[in-house]
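Please read the structure below before turning to the comments.
The values are calculated or read from the model by the stated rules, or taken from the named source; none is laboratory data. The shown structure was predicted, so the numbers you read here are calculated from the model rather than taken from an experiment. Every residue, glycine among them, receives a Cβ derived from its backbone with ideal geometry; neighbour counts consider all protein chains shown. Heavy atoms of the whole protein, side chains included, go into the accessibility calculation; ligands, DNA and RNA do not. Shrake-Rupley method; radii C 1.70, N 1.55, O 1.52, S 1.80 Å.
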Amino acid sequence: MELSENALKVLRARYLLKDEQGRVIESPREMFGRIARSVAEAEKFYGDRACYWEERFYELLSSLRFLPNSPTIMNAGKSPGQLAACFVLPVEDSMPGIFDTLKNAALILQSGGGTGFSFSRLRPKADIVRSTGGIASGPVSFMKIYNTATDVIKQGGARRGANMGILRIDHPDVLEFIRVKRDAKELANFNISLAITDAYMEALRADGEYQLVNPRTGKSAGRLRAGEVFGEIVASAWETGDPGLVFIDRLNRANPTPAAGSFESTNPCGEQPLLPYEACVLGSLNLAAHVKGGVIDYDALGRDVAVAVRFLDDTIDVNSYPLPAIERMHKGNRKIGLGVMGWADMLVLLGIPYDHEKAFRLAREVMRFIRDASREASCALAKERGVFPNFAGSIYDAPHMPRLRNATTTTIAPTGTLSTIADCSSGIEPLFALAYKRFVLDSELVEINKYFLQMAKEQGFYSVELFQEVMRRGNLRQVKGIPSRVKRLFRTALEILPEHHIEMQAAFQEYTDNAVSKTINLPNRAKKEDVARAYLLAYEKGCKGITVFRYGARRGTLVKFADTD
Ligand code: CDP
């Protein structure tokens, strides 16, 4: 097994089992064995091939061609072992409701998962509270309490807690919400997004007003000019990266199980819309490991998709859920989210620049292949094990629709840590830099792009001086002595135009059941208008949401640095 130095550091610090004194007591091989064995336990519910599947799982994991989300790696085989990364909890408009959910969120955090919440049902600030004759403090103040609680509960004992906080654009407190993270001290454990409705987008297009609604009464609470609110959103996002947008009506139009509930939030990094009390297990295929001799090995990829889908479906059966309501919901829809990492590496291996038309075409081809293969695998499982229990009333409950074991099969996760373990580029992001230092826990890791190094040596332009210059700059733009074709191939995130970032997100979204995690990186000099254009373009292109980050803008970002502290 070929693990990089950085991968070993991360595994030792967080993933390998430890004894009570904190000494590591398993090797990476044993770790993969533990995961394969405990997930294959689920096979015993359905047949007598647990040993066979354990071996297949072990082979897939230990070759780093596929990894499940962090909680599975950390907790598989433990008792209790919570294996899912993504949760959404409802927040009801009452004191017991708000604090019951906070307690439940604490249990999820403790188990290693991340939670998303919509605070849209909470009555606005200064609204009446009949029971006490007092006035309400509003959703943002309760979010601050959730944030403080997250500070003291380290996730799964291993990493910083991640939350998503959502507010509808038509909530009366929307302006306070939009501005809250301009104060760097506020909501550091939250990514925040606005749930954007079609009605709002229509008002924005027409340069008109839209209606605010008090969620307690369902009645109008005044009107705002859509354009003015958009200006505030863009100003905050330009300054801090928050809020992102979630196109909530679009999400609900794609809801596979409307009879089981509707979407009001996503998980912390935005790639997984979920119903209240729903969970999802994610896993990512390493695309770089599926290139052989300069071409994509689709046969191997297809085989790996099938094994990965089975693995993720098994995960649901052996998971220890933090709450009975979540267990019921997850076992009702059996959502899994298979995605990819190492996309930028794959493009380098194929000699295609990230922002080339060919790359957008290939993104659609690859993701379509994975979606189709994952649905085929889910159908095969349904024949063996039955369709997901909420199938009746789902969008698949119709003639000519596939009979699936899983209400969704595909999601593109950020793979913040997984990509370090697999030593590949993260998710579908371009290379952020060709060489950089990064802090993981308390040690400094130096990352140098291995493909660039190899190419420099093979093509004879490697020298220590050149390398030091690349280290200093992080990209090749101004470095002399590098062929222009190589510069084009290794363009980094900030050299790629925002519209090309969005085009890539949209290409993957087209063939992804759930959503796509992507940061639209902007250079520091980007203007507010650039942010505005990006937000509108994401809507136009069919994305389910958008997150921007302007280089150097202050942000306690959870997306990019999810696992580095
Ligand atoms: O690479 P890894 O499996 O650790 O995670 P990721 O792909 O970066 O993030 C996937 C999901 O895991 C996020 O959307 C969150 O739901 C959850 N997560 C979390 O709860 N806490 C973190 N610090 C990072 C991720």
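What the table shows:
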read-out: Matching option when the condition is within 22 Å of the chain's Cα centre (by Cα) and either part of a loop (DSSP other than H, G, I, E, B) or buried (at least 20 other Cβ atoms within 10 Å of the Cβ) (or both), among V39, V10; value: V10
read-out: Test for K383: is it of a type outside the set (G, A, S), more than 16 Å from the ligand (Cβ to nearest atom), over 24 Å from L476 (Cβ atoms) and open to solvent by 40 Å² or more (accessible area, probe 1.4 Å); value: yes
read-out: Subset of the stretch 399-421 (residues that are assigned to a loop (DSSP other than H, G, I, E, B), open to solvent by less than 50 Å² (accessible area, probe 1.4 Å) and either more than 21 Å from R49 (Cβ to Cβ) or within 16 Å of the ligand (Cβ to nearest atom) (or both)); value: P402, L404, A407, T408, T409, T411, A413, P414, T415, G416, T417
read-out: Contacts under 8 angstrom Cβ, first residue in the stretch 319-334 being over 15 Å from A105 (Cα atoms), partner of a type in the set (A, V, I, L, M) and open to solvent by 10 Å² or more (accessible area, probe 1.4 Å), 6 or more apart; value: M329/A260; G332/A260; N333/A260
read-out: Some residue of the stretch 525-543 being under 15 Å from the mean Cα position of the chain (by Cα) and under 25 Å from A407 (Cα atoms); value: yes
read-out: Helices (runs of 4 or more DSSP H) (entirely within the stretch 460-514) containing at least 3 residues that are closer than 19 Å to F432 by Cβ and open to solvent by 60 Å² or more (accessible area, probe 1.4 Å); value: 464-473
read-out: Residue match in the stretch 170-191 (condition: among the small types (G, A, S) and in a strand (DSSP E or B)); value: no
read-out: Qualifying residue in the stretch 429-438 (condition: more than 8 Å from the ligand (Cβ to nearest atom), modelled with pLDDT of 95 or more, open to solvent by less than 10 Å² (accessible area, probe 1.4 Å) and of a type in the set (A, V, I, L, M, F, W, C)); value: no
read-out: Checklist (1) assigned to a helix (DSSP H, G or I); (2) modelled with pLDDT under 95 applied to D565, failing item; value: (1)
read-out: Filter result for R361 (of a type in the set (D, E, K, R) and touching a Phe, Trp or Tyr at 6+ places or on another chain (Cβ under 9 Å)); value: no
read-out: Tally of residues being of a type in the set (A, V, I, L, M, F, W, C), open to solvent by less than 10 Å² (accessible area, probe 1.4 Å) and under 21 Å from the mean Cα position of the chain (by Cα) across the stretch 289-337; value: 8
read-out: Search result, residues across the stretch 1-34 that are free of Cβ contacts under 8 Å to residues at least 40 places away in the same chain, touching a Lys or Arg at 6+ places or on another chain (Cβ under 8 Å) and among the charged types (D, E, K, R); value: E26
read-out: Those residues of the stretch 1-42 which are of a type in the set (V, I, T) and over 23 Å from R56 (Cβ atoms), in sequence order; value: V10, V24, I25
read-out: Residue count for the stretch 173-211, restricted to those that are without any contact (Cβ under 8 Å) to a residue 24 or more places away in the chain, open to solvent by 60 Å² or more (accessible area, probe 1.4 Å) and closer than 17 Å to L536 by Cα; value: 4
read-out: Tally of residues being assigned to a loop (DSSP other than H, G, I, E, B) and near the ligand (Cβ under 8 Å from one of its atoms) across the stretch 269-289; value: 4
read-out: Odd one out for V340, checked against (1) touching a Phe, Trp or Tyr at 6+ places or on another chain (Cβ under 9 Å); (2) of a type in the set (V, I, T); (3) open to solvent by 40 Å² or more (accessible area, probe 1.4 Å); value: (3)
read-out: From F117, F177, residue being under 21 Å from the mean Cα position of the chain (by Cα) and within 30 Å of E202 (Cα to Cα); value: F117
read-out: Among the candidates R56, R130, residue that is of a type outside the set (V, I, T), closer than 21 Å to E384 by Cβ and open to solvent by 50 Å² or more (accessible area, probe 1.4 Å); value: R56
